[in-house]
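A short worksheet on the structure shown next.
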């Protein structure tokens, strides 16, 4: 299939939402399903499909908020929507906050999240920090904390041992924490 560029999808989402969503599903549907499936790993297929559908509806509803300024791609914007949609669904289904095991905890910034500007600024810092990581640490970090893949799956995919993957995760978290502290974000 011919590569569909983001500008065309953006245009169609605004001009003809049905066609725009269809194009977005064709291009990003597999990855969105993987994100939802990894977060909702113990849920039914129907719940996962509902989260996928809700992600694309969320994209359509918030398309006017998306600013294509070179810092963020439509792909990463949609993946963020999918991640939040799946986590919200998990919270609703379990009637409690989704808690990852201790070894899976992501270093998060302790800031006032009510302020959209501060939240966006911190997201930029995290994205910049992750993007500046060396390979394969960056790939390991993204697969683990953005796609929720298990350590053994990452090791198999990247041709590494699970111990090497764990070491890369440790180094990635340490680097991220240093950069956050260096930019004035308090980590807990």
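Odds and ends about this structure:
- Each label was represented as a point 7 Å from its Cα along the Cα-to-Cβ direction; for residue 8 and residue 128 these points are 3.4 nm apart.
- Put a dot 7 Å past the Cα of residue 156, heading toward its Cβ, do the same for residue 22, and the two dots end up 3.6 nm apart.
- Cα pair distances exceeding 20 angstrom across the stretch 6-94, given as percent: 31
Since every read-out is calculated from the coordinates, none of them should be taken as a lab result. These figures come from a predicted structure and were not determined experimentally. Neighbour counts run over all protein chains shown; Cβ positions are idealised from the backbone, glycine included.
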